[in-house]
Every structure is written in structure tokens, then in C-alpha cells.
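Working notes, structure below.
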Amino acid sequence: MNKEKLLVIIGPTAVGKTKLSVSLAQRFNGEVISGDSMQIYRGMDIGTAKITPDEMQGVPHHLIDLREPWESFSVNEFQTLATDHITQINQRGRLPLLVGGTGLYVQSVTHQFQFAEDSRDEEVRQKWETYLQKHGREALHQALAQKDPIYAEQLHPNNTRRVIRALEIIETTGQSMAEYQGEWEKSSPYELAMVGLTMERQKLYERINHRVDLMIQDGLIEEVQRLLDEGVPVDCQSFSGIGYKEILGYLTGELEREEAIALLKRNTRRFAKRQHTWFRRMKDIQWFDVTALDRWEEHEQIIAEYVAGKFC
């Protein structure tokens, strides 16, 4: 049986994935599947750098605006939805492009992460909820760091829902999160082409800083205030995302405006570094350096030739 085709475009934030994905989708009769864990939320547009209808240029996009900001969303759900879309797009005779910067989400699809059976214990969860109320977010996060320091590094203390979930799993199963979550398939089930975009670090950081300035100019602070006015809880999953937790700190009086903006820039740069580390561990990626932005059309042509060689 022939494998389903899948083109993947990955790379750190602000490197140019969105622009490239639209161009390649137009060349290869494609449809884009967002691999971004934050763009699934409705009304969270500026802080997620969500593609606009004009930027889509008529290319169908999937897995955007699926959930309300107060709803939860898991990598398991993403894997199921993305896999279904890949099949449907192939059946339409078109090429699916999985595009994004959330490494776990992308890799859960490309190499079919196998999830362990769920484990719930209401009593244990309530114990840690009480601990949070008594001791605060930092102490809760430190409790996780003592039990599973590797996983704790991946979670911000504000993301109390996931911290408590991790503590619940560790206590009920005796396993670290890495042990509990399952394992990757060694080979992909897809006829796969993986394009990785990279850029000289200082240039990328300049683009990140400029993007944040544009987000503030375009109304990021007002977007977060609107979400608060609509009653979105400050401890929900969506508010733990970069761009929202920092502005939330300003609006709740924990930070000055310029402090929040500087923190957002710093956290985004650090996120880009973590993305790079994650993607460098993944196999089968063909990397393209796009530092020379004045040669973007040339970059696009070279990448298009690589994709054509993989699928045509």
C-alpha cells in the first residue's frame, strides 16, 4: 500500500514558515495544517501571530480557531485531528503541509507517538490543588522539580493545570512524565518530506524583537484585556502561552508595561532556542538557511526543487 504524502515545515518562531508554506501550497496544490499549539484558540490572534485570511491567499488552512480560550486542548487530540486531515487531504488528491513550531505536536504526527493509558486520581489531584492554594504557584512548581526536574523545566509555574497533572501522574504511576507518556515510532508512517528553516541567531533575535514591537502596536495588550473582560480565567491553559502570560502580568499589576514587553521578547527568544534544540533531535529534516532575506525568492525556489524531488 502506498503511504500518504506529508510535507512538514518546521523552524523557530519568526523564521518565515508561514510565508513559505503558502508559497509551497500554491505550487504543489496543497492545504496547510497548523502545527501550533496556540493557534487553535479563537480570539487569540495577535499574540499567536495567527495567519490572516489575506495572508492565506486562498490556501485552505486547518486546525486554527478550534477551541474557546477557556477550553483545554491536548497533544493527543491534536494528533487525532491532524492525522484525519492528512488522510482527507490526500484523498482529495492534494498535498498536506504540516506547519508549525510546537515540536511535540509536529513529531506526534510525523512519528506517531503512542500515548499511554490515562491515569486519573481525583483525591491526589485535589491534594495538589489544596497545596497550590496554600503555598502558591512557585512552591507547586518546585514540588514537581524535585520529583521530575526534566519535565519541570518544560513548564512555566503559571501553568498550574499541567504542573498538577504531572504531579498526579508521578504519584499514581511512580513514573516520570517521559516514562509515562509513551514512545515514538522509529519510522514515519508517511511518505515524508521535512523542511527545516534556520537563520543566523542574531538576525532571528532581531526579527523576534521586531515582531513583538509590531504585536504591541497592533493591539496585543488590548487583545488580552478583551479576553479578561470576556471572563477567560487567568489560570486557563491558553493564558500560559508566551505573549499572553507576560501581558497578563502587566494587566494584573505584577509588571510595568515596559517590563512586560522586555520579558515577552526574552521569553520568545528563549522559546526559539528551545524549538531549535527540539527540532535538531528530529530525524530526516533537510535544513535550509534563510538568513539572507533579500534572497527569499531564491530560497523558495531551492526548497521547492527539493520538495519536487521528494514527491514528483
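The values are calculated or read from the model by the stated rules, or taken from the named source; none is laboratory data. Only a predicted model underlies this, so the values are computations on that prediction, with no experimental measurement involved. Positions of Cβ are backbone-derived with ideal geometry, glycine not excepted, and every protein chain shown enters the neighbour counts.
Exactly one condition in (1) out of contact with any Phe, Trp or Tyr (no Cβ under 6 Å at 6 or more places or on another chain); (2) surrounded by 14 or more Cβ atoms within 10 Å (Cβ to Cβ) is false for Ser37; which is it?
So Ser37 meets the others, but not (1).
Does segment 257-279 include one or more residues that are under 29 Å from Lys5 (Cα atoms), in contact with a Gly (Cβ under 8 Å, 6 or more places away or on another chain), part of a helix (DSSP H, G or I) and of a type in the set (A, V, I, L, M, F, W, C)?
yes
Can you name every one of the helices (runs of 4 or more DSSP H) wholly within segment 43-111 that holds 1 or more residues which are within 15 Å of the chain's Cα centre (by Cα), surrounded by 18 or more Cβ atoms within 10 Å (Cβ to Cβ) and of a type outside the set (Gly, Ala, Ser)? Write out each step before concluding.
Details: elements: 53-56, 75-91, 103-110.
Qualifying helices (runs of 4 or more DSSP H): 75-91, 103-110.
From the residues in segment 1-29 that are buried (at least 22 other Cβ atoms within 10 Å of the Cβ) and touching a Lys or Arg at 6+ places or on another chain (Cβ under 6 Å), which one is farthest from Glu223 (Cα to Cα)?
Ile9
Per-residue answers, yes or no, for (1) over 30 Å from Arg94 (Cβ atoms); (2) outside any loop (DSSP other than H, G, I, E, B); (3) modelled with pLDDT of 85 or more; (4) of a type in the set (D, E, K, R):
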{"position": "Arg162", "(1), (2), (3), (4)": "yes, yes, no, yes"}
{"position": "Ala166", "(1), (2), (3), (4)": "yes, yes, yes, no"}
{"position": "Gln175", "(1), (2), (3), (4)": "yes, no, no, no"}
{"position": "Lys186", "(1), (2), (3), (4)": "no, no, no, yes"}
{"position": "Arg207", "(1), (2), (3), (4)": "yes, yes, yes, yes"}
{"position": "Asp213", "(1), (2), (3), (4)": "yes, yes, yes, yes"}
{"position": "Arg226", "(1), (2), (3), (4)": "yes, yes, yes, yes"}
{"position": "Gly231", "(1), (2), (3), (4)": "yes, no, yes, no"}
{"position": "Glu246", "(1), (2), (3), (4)": "yes, yes, yes, yes"}
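Does Gly93 meet the test of being in the same structural domain as Arg274 (by TED's automatic domain parsing) and either without any contact (Cβ under 8 Å) to a residue 12 or more places away in the chain or on the phi > 0 side of the Ramachandran plot (or both)?
yes
Specify which of the listed residues (Glu171, Glu200, Glu153) is over 22 Å from Phe239 (Cα atoms) and at pLDDT below 95.
The match here is Glu171.
Residues to consider are Arg266, Arg295, Arg270; find the one that is within 16 Å of the chain's Cα centre (by Cα) and either among the small types (Gly, Ala, Ser) or assigned by TED's automatic domain parsing to the domain that holds Ala25 (or both).
One residue alone meets the criteria, Arg270.
Glu153 passes all but one of (1) touching a residue at least 12 places away in the same chain (Cβ under 8 Å); (2) within 20 Å of the chain's Cα centre (by Cα); which number fails?
(1)
What are the pairs with Cβ atoms under 8 angstrom where one residue, in segment 30-47, is under 18 Å from Glu71 (Cα atoms) and the other, located anywhere, is part of a loop (DSSP other than H, G, I, E, B) and basic (Lys, Arg)? Sequence gap at least six, or different chains.
From segment 30-47, the pairs are Gln39/Lys50; Met44/Lys50.
Would you confirm whether any residue within segment 208-222 is in the same structural domain as Trp296 (by TED's automatic domain parsing), surrounded by 13 or more Cβ atoms within 10 Å (Cβ to Cβ) and within 22 Å of Phe73 (Cα to Cα)?
Scanning segment 208-222, I find no residue that is in the same structural domain as Trp296 (by TED's automatic domain parsing), surrounded by 13 or more Cβ atoms within 10 Å (Cβ to Cβ) and within 22 Å of Phe73 (Cα to Cα), so the answer is no.
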